[in-house]
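Here is the structure we will look at, set down as structure tokens.
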Amino acid sequence: MMTNPAFAARTPVLELVAVHAGYGRIDVLHGVDLALHAGEVYALLGPNGAGKSTTLGVASGQIVPSSGGLMLCGRDVTGAAPDALARAGVCVVPEGRGIFPNLTVAENLRMATFTGMRYPDVSARAFTQFPRLRDRRRQMAGTLSGGEQQMLAMARALATDPAVLLVDELSMGLAPIVVDELYDHVRQIAAAGLSILIVEQFVHEILGIADVAGIMLHGRIEHTGSTTELADGLASAYLGGKH
Amino acid sequence: MDDVKPPARETMSPSRLAQFEAEVTKMRVSGGGANPERTAARVGIGLTVLGFVVAFISWWSAYNAGTFEDIHRAAIFALIGVGMALVGAIIWLRNSLTRYLRYWIIRLVYEQREQTDRLLERRDNGH
Ligand SMILES: Nc1ncnc2c1ncn2[C@@H]1O[C@H](COP(=O)(O)OP(=O)(O)OP(=O)(O)O)[C@@H](O)[C@H]1O
Ligand SMILES: [Mg+2]
């Protein structure tokens, strides 16, 4: 899969090294190691409260680790501002709906111009990827269906031409058929070669798309492996492991 | 979903990757959990207090001064103190205000989100 000779050494595009982090005095992550390679789709799985969103927070610079580090392309960028990371190309689709409900679809997309891109480029890119949004561009984002709202959040993230995409629980609160549709989009995005770190609570949606998966329990990544390897050990990890 | 292995895919275009690497190299890293605004707000408060102390000391030395020359000197010193206090207050205001405004705008966004949800819920329940 690694075809780029410049990256033959497989320096991960994004790496967390022994990260400890939390909120105030509460420690949530107890030494997380995670490596996302170029063009890879990494599925981070785990039950509620395992620390998945916190991990994404660290990866996007929103949470500064109390120890350990965040590396991009081998460079230590621990403590860099989240907007600097976003401008460099690390983009987040947050949990729930990362949109402004009282703005129209078009206005939401306009928010993506912060990286210095022009709005026509942003919208063209968004509407080719998600044609459904084109007809609704003057609609208030809050009145879109849940799936469409997630599409908008993804469209906005992708419009900035990110190098790394971090996605938090795309499937939350959505019907399976909508989730399938969203993951078809993710599959297309992945095929274009973007590096994606995607968080899910349940496994089935994502195993067909991801190259690597990690299972997070109690603030640590307890298992990593190819998705096929993990599919077997997964039930035991959720049910029997570590309790 | 089905567990089919994904089709072989290309890596992110080398140019985009190289660009990303370049951006990362350029990135300024302050390191640690430094919060520049909170630090600046504290510096502002410190400067204000220091300014008042300087002004007070000047008043004290003017009070105990023997000559007009000393009083003039103390007055100038007091002005410096007042200036420090003013600058400190402005620094504090600027940095605590942006923090507050940011917090406020996030609150607004969340409130709007909740309101829209409630509205849609009512509509969908056919009220
Ligand atoms: N802002 C916060 N302040 C304090 N504690 C928090 C905060 N956010 C999360 N936590 C705590 O950190 C732990 C991990 O939360 P996190 O959101 O990372 O879990 P998660 O794996 O994303 O779970 P979920 O699947 O429910 O989204 C939880 O125990 C949670 O209560
Ligand atoms: Mg979460």
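A single entry from A:PRO47, A:PRO82 fulfils the requirement of being more than 16 Å from ligand 2 (Cβ to nearest atom), open to solvent by 30 Å² or more (accessible area, probe 1.4 Å) and either within 12 Å of chain B (Cβ to nearest Cβ) or over 23 Å from A:ILE189 (Cβ atoms) (or both): A:PRO82.
Evaluate the range B:99-109: report whether one residue or more is in contact with a helix residue (DSSP H, G or I) (Cβ under 7 Å, 6 or more places away or on another chain), open to solvent by 40 Å² or more (accessible area, probe 1.4 Å) and at pLDDT below 85.
As a first pass, look at the range B:99-109 and keep what is in contact with a helix residue (DSSP H, G or I) (Cβ under 7 Å, 6 or more places away or on another chain): B:99.
Those still in the list that are open to solvent by 40 Å² or more (accessible area, probe 1.4 Å) too: B:99.
From what is left, the residues that are at pLDDT below 85 are B:99.
Taking every residue of the range B:99-109 in turn, at least one turns out to be in contact with a helix residue (DSSP H, G or I) (Cβ under 7 Å, 6 or more places away or on another chain), open to solvent by 40 Å² or more (accessible area, probe 1.4 Å) and at pLDDT below 85.
Given the structure, is A:HIS243 more than 10 Å from chain B (Cβ to nearest Cβ), at pLDDT below 85 and open to solvent by 10 Å² or more (accessible area, probe 1.4 Å)? Show your work before the answer.
Numbers: more than 10 Å from chain B (Cβ to nearest Cβ): yes; at pLDDT below 85: yes; open to solvent by 10 Å² or more (accessible area, probe 1.4 Å): yes.
Yes: the conditions hold for A:HIS243.
I'm trying to understand the selection: among the residues of the range A:87-97, which are within 16 Å of A:ALA153 (Cβ to Cβ) and surrounded by fewer than 19 Cβ atoms within 10 Å (Cβ to Cβ)? Step through it out loud before you land on a result.
Looking only at the range A:87-97, we keep the residues that are within 16 Å of A:ALA153 (Cβ to Cβ), and these are A:90-97.
Within the range A:87-97, A:PRO94, A:GLU95, A:GLY96 qualify.
Conditions (1) within 18 Å of the chain's Cα centre (by Cα); (2) within 13 Å of another protein chain (Cβ to nearest Cβ); (3) modelled with pLDDT of 90 or more, marked per residue:
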residue: A:ARG10; (1), (2), (3): no, yes, no
residue: A:GLU15; (1), (2), (3): yes, yes, yes
residue: A:HIS30; (1), (2), (3): no, no, yes
residue: A:HIS37; (1), (2), (3): yes, yes, yes
residue: A:ALA43; (1), (2), (3): yes, yes, yes
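Give me a count of the residues in the range A:174-209 that are touching a Gly at 6+ places or on another chain (Cβ under 6 Å) and open to solvent by 10 Å² or more (accessible area, probe 1.4 Å). Looking only at that region, the number is 2. Given the structure, is A:PRO131 away from ligand 2 (no atom under 16 Å from the Cβ) and free of Cβ contacts under 8 Å to residues at least 12 places away in the same chain? Considered against the rule, which asks whether it is away from ligand 2 (no atom under 16 Å from the Cβ) and free of Cβ contacts under 8 Å to residues at least 12 places away in the same chain, A:PRO131 comes out as yes. Screening A:GLY46 with (1) at positive phi; (2) out of contact with any strand residue (DSSP E or B) (no Cβ under 7 Å at 6 or more places or on another chain) gives one miss only, at (2).
Of the residues making up the range A:83-115, those that are modelled with pLDDT of 90 or more and within 16 Å of ligand 1 (Cβ to nearest atom) are A:VAL92, A:VAL93.
Would you check which residues across the range A:50-79 are of a type in the set (Ser, Thr, Tyr), touching an Asp or Glu at 6+ places or on another chain (Cβ under 8 Å) and within 16 Å of ligand 2 (Cβ to nearest atom) and list them? Hit for the range A:50-79 is A:SER53, nothing else. Only one residue in B:ARG99, B:ARG123 is under 30 Å from A:GLY142 (Cα atoms), in a helix (DSSP H, G or I), without any contact (Cβ under 8 Å) to a residue 40 or more places away in the chain and of a type in the set (Lys, Arg), so which one is that? The unique qualifying residue is B:ARG123.
Would the range A:56-67 turn up any residue that is within 16 Å of ligand 1 (Cβ to nearest atom), within 19 Å of B:PHE20 (Cα to Cα) and within 11 Å of chain B (Cβ to nearest Cβ)? There is at least one residue in the range A:56-67 that is within 16 Å of ligand 1 (Cβ to nearest atom), within 19 Å of B:PHE20 (Cα to Cα) and within 11 Å of chain B (Cβ to nearest Cβ).
The one condition from (1) crowded, with 23+ Cβ neighbours inside 10 Å; (2) without any contact (Cβ under 8 Å) to a residue 60 or more places away in the chain; (3) among the β-branched types (Val, Ile, Thr) that A:VAL64 does not meet is (1). Look at (1) closer than 30 Å to A:CYS91 by Cα; (2) part of a helix (DSSP H, G or I) and you find that B:VAL87 fails only one, number (1).
The values are calculated or read from the model by the stated rules, or taken from the named source; none is laboratory data. What you are looking at is a predicted structure, and each value in this text was computed from that prediction instead of being measured. All Cβ positions, even for glycine, are placed from backbone atoms using ideal geometry, and neighbour counts span all protein chains on display. For the accessible areas, the whole protein counts, side chains as well, though only heavy atoms, and no ligand, DNA or RNA atoms are used. Shrake-Rupley method; radii C 1.70, N 1.55, O 1.52, S 1.80 Å.
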